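Peer 1: Shown below is the structure under consideration.
Since every read-out is calculated from the coordinates, none of them should be taken as a lab result. Keep in mind the model is a prediction, meaning the values are calculated, not measured. Neighbour counts run over all protein chains shown; Cβ positions are idealised from the backbone, glycine included.
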Amino acid sequence: MKQKVLSLAEEVLAETAAVRHELHKIPELAGQEFRTAEYLRKKLEALPLEVQRPCLNTDVVALIHGKRPGPNITLRADIDGLPIQEKNPVPYRSIQEGRMHACAHDGHSAMLFGAASVLCRLRDSFPGTVRILFQPGEEMAAMAKDLIEAGAIDDPFPDFVAALHAWPGVKYGKISTREGTVMGAGGYFRLTLQSPRYFGGDLIGLAGRVIAELRKRWPEDGTLKFSRVQSGARAFSVSRKLFLEGIIGFFSDATAEKAKAGLEALLSGICGKTGVRWTLEFTMTYPAAVVPEEGARLAKQAAEKYLGKGSFLPMRKPCPRNDDFAFFLRRSKGVYCHLGMGDSRPLHDPLFDFDDRLLKTGMVFLAGLSMDFLNR
Ligand SMILES: [Zn+2]
Ligand SMILES: [Zn+2]
C-alpha cells in the first residue's frame, strides 16, 4: 500500500502544484471565496467522486465512496486568504490587490486536492467513505462552526476528522502533533463602563485600575493584550462612558471560563461602591483544539509508515495560536497536525509562500492516514 500511495502521489504532483499556484493567484477573504470555490468544484467534478451542494455559500464538500459500506474519515482544508498585500516576486503572485494567501491555505487546499486524487484511484482498496471538505472562513470568522451547524458533516457523520496546517519554525517536512491541546482557545472581550452621576473619581482612572489588576491576576497559561480604549471628549469635563477591549487566549476552555468569572468579580469589586455600571462581553471565537490519544497515535503511525522513520515529531507544548478545526474535534475524534516548514518566513508575513516541495509530504500523509483508518 505504501508504494502505491507514494507512486500515485508522484503521478498527481504536477497537477497539485498547478492547483496551488492557481489558488495563490486568487486569494479571497473569509466568507467571500466564490472564485476559489468555483475553481475547486470544477477540479473535483473531474474526479470520480460525489460533489455535494454547498451548505453555506463557498464551501466545497465531496464524498469518495469505497468498495463497500464502512466508516467515514473527513479531511478538511481551509481556503480563505488574508487582507495583506503580497510582496513575493513569484509568477503566480496574487492578482487581487491587498489580498494574499499568507497562511498557507492555498497549500492546504492543494494538498487536499492531491490526496483526493490519490484516494479516488484507490477506491477499490478501502471500505466506507472519505469526505473531502474545503472550508471557508477560518481566519477571524471561524466558519467551521457555521458549516457544521449547516449540516456539512451530518451524512455520514465522521468517525475521524483530520487536518494539516503548514507551520514555520517546526522542523522541515515533519508531521507534528500531540495528545491533548494542540491549539489554544482565542477570542476577545469588550467592557463598557458608564457612570450615571459624579462618583468622586473618574472612569479613566477606574479603567487604569482594571488594567493593572487584570495583568496581575490573568492566568499564567493565558495571553492578554489590550487592543482598544476609548473615552472622553475634552480636557475640562469628566467622561461618563468608557470602552476597553482586549484580545485573549488560553490553553483550555476551562481556564477561559475561570478568567471570565475572575474578570466579573474584579469589576464588581472595583465598581461596587462607585455606582459605575459595567457590561462585559466575553467571546471565545475559537475553542481549544484538543486531540485524543488515538488521533495522535494514528498520525504518528501514518507519518512513520508512509513518510519514513523519524518523520513524526512529538509536539512538546500547545501552540498559543488558534484554529477553528477545534469545532470538528469537539464533535468527532480525530487529529490536527503541523507540517514543518523549517526556517520559512512566518505565517501572515507579506513574503510568506507555501513550499511546493512539501505538497507531496502532505498529500501522502492525508491519503495514507485515510487508508489506514478505513482499513483498520
Ligand atoms: Zn492564519
Ligand atoms: Zn491558517
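Peer 1: May I ask you to derive the relative contact order of the stretch 61-141, considering only C-alpha pairs under 8 Å and at least 6 residues apart, and to give it as an integer percent? It would help to have the intermediate numbers written out before the result.
Peer 2: On the way: 136 pairs, mean separation 46.0, N = 81.
Worked out over the stretch 61-141, it gives 57 percent.
Peer 1: For the chain, find the longest principal axis of its Cα atoms and tell me its angle to the long axis of helix 359-374, 0 to 90°, nearest 10.
Peer 2: Long axis of 359-374 versus the principal axis of the chain: about 80 degrees.
Peer 1: Could you grab the relative contact order for the stretch 185-286? Cα pairs under 8 Å, six or more apart, rounded to a whole percent. Please report the intermediate quantities before stating the final value.
Peer 2: Details: 169 pairs, mean separation 49.3, N = 102.
RCO, the stretch 185-286: 48 percent.
Peer 1: Could you give the size of the charge dipole of the chain about its Cα centre, using +1 on the Cβ of each K and R and -1 on the Cβ of each D and E, expressed in debye and rounded to the nearest 20? Could you put the intermediate results ahead of the total?
Peer 2: Numbers: 51 positive and 44 negative charges, 198 e Å.
It works out to roughly 940 debye.
Peer 1: Taking the alpha-carbon distance from Lys171 and a cut-off under 13 Å, which aspartates and glutamates remain once sequence neighbours fewer than 8 residues away in the same chain are dropped?
Peer 2: Leaving aside aspartates and glutamates fewer than 8 places away in the same chain, those within reach of Lys171 are Asp343.
Peer 1: Just going by the charge dipole of the stretch 205-312, with Lys and Arg at +1 and Asp and Glu at -1 on Cβ, which of Leu214, Gly249, Ala299 is farthest out on the positive end?
Peer 2: With unit charges placed on the Cβ atoms, the residue in question is Leu214.
Peer 1: Kindly provide the trypsin sites (Lys or Arg not before Pro) of the stretch 107-199 that DSSP labels as loop, not H, G, I, E or B, and whose Cβ sees at most 11 other Cβ atoms within 10 Å. Write out the running numbers ahead of the final one.
Peer 2: On the way: sites: Arg121, Arg123, Arg131, Lys145, Lys171, Lys174, Arg178, Arg190, Arg197; in loops: Lys171, Lys174, Arg178, Arg197.
In loop regions of the stretch 107-199 (DSSP not H, G, I, E or B), the sparsely surrounded trypsin sites (Lys or Arg not before Pro) are Arg197.
Peer 1: Run down the lysines and flag those whose C-alpha is under 18 Å from the C-alpha of Lys260, throwing out any fewer than 8 positions away in its chain.
Peer 2: Result set, ordered by chain and number: Lys216, Lys225.
Peer 1: Name the long-range amide H neighbours of Ser344: under 5 Å, sequence gap of 5 or more, or other chain; modelled H, no Pro or chain starts.
Peer 2: It is Gly169, by chain and number.
Peer 1: How far is helix 203-217 tilted off the main Cα axis of the chain, in degrees rounded to 10, range 0 to 90?
Peer 2: 50 degrees
Peer 1: Separate question: Test of understanding: in a Gaussian network model of the chain with alpha carbons linked when under 10 Å, which of Gly295, Gly81, Gly208 would top the mean-square fluctuation ranking?
Peer 2: With Cα springs under 10 Å in the chain, the top fluctuation among Gly295, Gly81, Gly208 is at Gly208.
Peer 1: Would you mind ranking Asp372, Asp323, Asp78 so that the residue whose beta carbon has the fewest other beta carbons within 10 Å leads the list? Can you show the working numbers first?
Peer 2: Numbers: Asp372 18, Asp323 24, Asp78 27.
By the 10 Å Cβ count, ascending: Asp372, Asp323, Asp78.
Peer 1: Grab the other residues whose beta carbon is less than 15 angstrom from that of Tyr172, score K and R as +1, D and E as -1, and report the net. Walk me through the intermediate numbers first.
Peer 2: Details: positive: Lys171, Lys174, Arg345, Arg357, Lys360; negative: Asp343, Asp353, Asp355, Asp356.
That sum, taken over residues with Cβ under 15 Å, equals +1.
Peer 1: For each of Leu280, Leu347, count neighbouring Cβ atoms within 10 Å of the residue's Cβ, then give the residues from fewest to most. Mind showing how you got there, number by number?
Peer 2: Working: Leu280 14, Leu347 17.
So the ranking, lowest neighbour count to highest, is Leu280, Leu347.
Peer 1: Another question, if that's okay. Based on the Kirkwood radius over alpha-carbon pairs, what value in µm²/s does the Stokes-Einstein equation return for the translational diffusion coefficient of the stretch 185-286 at 10 °C and 1.306 mPa s?
Peer 2: Details: Rh = 14.1 Å.
In µm²/s, the coefficient rounds to 113.
Peer 1: Starting from the Cα of Glu179, step 7 Å along the direction of its Cβ; do the same at Thr283; then give the gap between the two resulting points in nm.
Peer 2: That separation, rounded to one decimal, is 3.6 nm.
Peer 1: Rounded to the nearest 20 debye, what is the charge dipole size of the stretch 300-367 about its Cα centre when +1 sits on each Lys and Arg Cβ and -1 on each Asp and Glu Cβ?
Peer 2: 500 debye
Peer 1: I would also like to ask the following. GNM on the chain, C-alpha springs below 10 Å: top fluctuator among Phe134, Phe199, Phe34?
Peer 2: Phe199
Peer 1: Work out, step by step, the length gained on full extension between Ala212 and Arg357: first 0.36 nm times the residue separation, then minus their alpha carbon distance; give nm to one decimal.
Peer 2: Details: separation 145, 0.36 × 145 = 52.20 nm, distance 4.80 nm.
Contour length minus the Cα-Cα distance gives 47.4 nm.
Peer 1: With 10 angstrom as the radius, rank Ser176, Ser239 by how many other C-beta atoms surround their C-beta, starting from the fewest. List each step's numbers first, then the result.
Peer 2: On the way: Ser176 22, Ser239 17.
With the fewest neighbours first, Ser176, Ser239 line up as Ser239, Ser176.
Peer 1: By how many nm would the segment from Phe199 to Glu11 lengthen if fully extended, with 0.36 nm per residue of separation less the alpha-carbon distance?
Peer 2: Values: separation 188, 0.36 × 188 = 67.68 nm, distance 7.44 nm.
Result: 60.2 nm gained on full extension.
Peer 1: Moving on to the next point. Enter the mean projected area of the convex hull around the alpha-carbon atoms of the chain, in nm², rounded to one decimal.
Peer 2: Values: hull surface 81.3 nm².
Across all orientations, the chain yields a mean hull projection of 20.3 nm².
Peer 1: Something else: Sum up the charges of everything whose Cβ sits under 14 Å from the Cβ of Glu11, counting Lys and Arg as +1 and Asp and Glu as -1, but leave Glu11 out.
Peer 2: Net charge around Glu11: +1.
Peer 1: If you don't mind, another one. So which residue, out of Asp159, Asp343, Asp356, gets the largest mean-square fluctuation from a GNM of the chain using Cα contacts under 10 Å as springs?
Peer 2: Largest GNM mean-square fluctuation: Asp343.
Peer 1: So, with +1 on the Cβ of K and R and -1 on the Cβ of D and E, and no other charges, what is the size of the charge dipole of the stretch 185-286 about its Cα centre, to the nearest 20 debye? Please report the intermediate quantities before stating the final value.
Peer 2: On the way: 15 positive and 9 negative charges, 107 e Å.
The calculated dipole for the stretch 185-286 is roughly 520 debye.
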